[in-house]
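Quick notes on the structure that follows.
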Amino acid sequence: MTDRFTTVTDDALGTDDTVALLDRLQRRDVSAAELVAAAATRARGAQERLNAVVSWVPDPAPTAAPDTPLAGIPSFIKDNEQLAGLPTREGSRATSDAPARESSVWTSQFLALGATPLGKTTLPEFGLTSTTESLLSGPTRNPWDRSRSVGGSSGGSAALVAAGVVPLAHANDGGGSIRIPAACCGLVGLKPSRGRLVDMPELERLPVNITTQGVLTRSVRDTALYYAVAERAYRNTALPPIGHVTRPIDRPLRIAVTPAGHPDLPTSPETAAAVLAAGRLCDELGHQVSVIDFPYGKQVGVDFLRYWAFLSFLLKKWGGRLFGEPFDPGLLEPFTVELARMFTAAPERLIGALGRLRRFGPAYSAPFADYDVVISPVVAHVAPPLAYLGPQAADRDHLIRLLRFVSVTPLQNIAGAPAISLPLAQDSAGLPIGIHLAADVGGERTLLELALQLEEASPWPQGVPPTRVPGAAG
């Protein structure tokens, strides 16, 4: 029996997702103040067990106009986006604890949509690894099994949504940071196309902009709702519209299934079996399914790692300019320092890596000439034990384990393409296995329509069940 934890109780939130809560608010079965109060009580009760919140909004209360689309919905902001009045620590002891004077562009839009933030959630230092165990705030625990990681880097948000504290929470993704925590915590996590959501214009100055904003939810319809209302507030005309996806796909798709990630980085048998089972389900639903080898070479992963190391070097060298003073590089975590050292050991390799990363788009899109969607694992195995990827691990062990855990998700960040993690399976111990559905740039609507169909055909637990769910993956 795993050490599970859920906050779900018979209060104003109950077991409802965002769509159901908005319906209850419209019918006046519940008030916005009651929802926020219930979520705040759940959050405070969860903090000792999960350690997912790094700072709190004092006396949170709904202030949005009742006609805003998310009015009355309590939520959290990941602590690498500014929220006026609270510090932005980026998961690092090196940053300042001074409160932000204003909210970021994305946070401002989220507030304008009506959401009520209760605080800010934990992440690893600068989001550089795939577990949420920073020296700043300590380990965040997975509500499916408190001895395990929540993934990263949007791990605090994932823990709170999975435990039922709030129905959706902010996340962002620079290498899998929405999809990996979704896979570890049994959630829905869509990384959108580059530029789909409003974001800091400074990101476009990076050699390769790999980061996108988003949310984590327990249901596909909640994710679809968020993207619909966000698109009404900000529409990128360079991308095809998503609209409000409310119905499953009504046409057969061409679907490729690759049961493992990179062939040099092994995938656990249960995870591979779960991916194949998802392919069989798609076949039963009338789609044209083919099993293929992983369609990308290893060079793109090597180049991404070099770019990741370069970004770490920038953080170490120019952290004060990027995040404000005071900034103390002497307080950076050893893994951040090691990544920066990797760059300085061979800086001449960056130019070639950047050139190949910038040209990766056509190579990424090539399989989508034959397929509408590619299904794969999100990560190589279920959520690892705490300390496997945390600051306690030796730097080299940490890096090797990270590369083996994550080999698929950075592809969409490099190409600027969308992908979604769905909790379609569990392993023999009842831990969630995320299934990765990827599309070409602008393909979010297809992914959401297929996700709705899969959720309808094979429903998953809406959050952490109070007891273990037996059965093998698939």
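None of the figures in this text is laboratory data; all of them are computed from the coordinates on show. Because the structure is predicted, anything quoted here is derived from the model rather than measured. Ideal geometry is used to build each Cβ from the backbone, glycine not excepted, and the neighbour counts take in all protein chains shown.
crowded, with 20+ Cβ neighbours inside 10 Å and either under 30 Å from Thr446 (Cβ atoms) or aromatic (Phe, Trp, Tyr) (or both): which single residue out of Gly361, Gly301, Gly286, Gly297 fits that description?
The match here is Gly301.
Looking at (1) on the phi > 0 side of the Ramachandran plot; (2) touching a helix residue (DSSP H, G or I) at 6+ places or on another chain (Cβ under 7 Å), can you tell me which one Val300 breaks?
(1)
Do you know which of the residues in the range 267-283 that are among the charged types (D, E, K, R) and surrounded by fewer than 17 Cβ atoms within 10 Å (Cβ to Cβ) is nearest to His436 (Cα to Cα)?
Only one residue tops the list, namely Arg280.
Out of everything in the range 1-35 that is free of Cβ contacts under 8 Å to residues at least 24 places away in the same chain and of a type in the set (Asp, Glu), what residue ends up being farthest from Ala52 (Cα to Cα)?
Taking the candidates together, the pick is Asp29.
Starting from residues that are over 24 Å from Gln453 (Cα atoms) and either among the charged types (D, E, K, R) or without any contact (Cβ under 8 Å) to a residue 40 or more places away in the chain (or both), keep the ones in the range 207-266 and report whichever is surrounded by the fewest Cβ atoms within 10 Å (Cβ to Cβ).
My answer is Thr237.
So which residues in the range 48-69 are part of a loop (DSSP other than H, G, I, E, B) and over 11 Å from Gly114 (Cα atoms), if there are any at all?
Of everything in the range 48-69, those that are part of a loop (DSSP other than H, G, I, E, B) and over 11 Å from Gly114 (Cα atoms) turn out to be Asn51, Ala52, Val57, Pro58, Asp59, Pro60, Ala61.
Would you say Leu389 is part of a loop (DSSP other than H, G, I, E, B), touching a strand residue (DSSP E or B) at 6+ places or on another chain (Cβ under 7 Å) and crowded, with 24+ Cβ neighbours inside 10 Å?
Yes.
Report yes if some residue within the range 8-16 is within 27 Å of Leu431 (Cβ to Cβ), of a type outside the set (A, V, I, L, M, F, W, C) and touching a strand residue (DSSP E or B) at 6+ places or on another chain (Cβ under 6 Å); otherwise report no.
No; the residues of the range 8-16 include none that is within 27 Å of Leu431 (Cβ to Cβ), of a type outside the set (A, V, I, L, M, F, W, C) and touching a strand residue (DSSP E or B) at 6+ places or on another chain (Cβ under 6 Å).
Of the residues Ser96, Ser75, which single one is touching a helix residue (DSSP H, G or I) at 6+ places or on another chain (Cβ under 9 Å), touching a residue at least 40 places away in the same chain (Cβ under 8 Å) and assigned to a loop (DSSP other than H, G, I, E, B)?
Step by step, each of Ser96, Ser75 is checked, and only Ser96 is touching a helix residue (DSSP H, G or I) at 6+ places or on another chain (Cβ under 9 Å), touching a residue at least 40 places away in the same chain (Cβ under 8 Å) and assigned to a loop (DSSP other than H, G, I, E, B).
For the range 162-206, what are the residues that are touching a residue at least 40 places away in the same chain (Cβ under 8 Å), of a type in the set (D, E, K, R) and surrounded by fewer than 24 Cβ atoms within 10 Å (Cβ to Cβ)?
Passing the criteria: only Asp199.
List the pairs whose first member sits in the range 102-129 and is in contact (Cβ under 8 Å) with a residue 60 or more places away in the chain and surrounded by fewer than 24 Cβ atoms within 10 Å (Cβ to Cβ), whose second member is basic (Lys, Arg) and part of a loop (DSSP other than H, G, I, E, B), and whose Cβ atoms are under 8 Å apart, counting only residues at least 6 apart or on separate chains?
Matching pairs, first to second residue: none at all.
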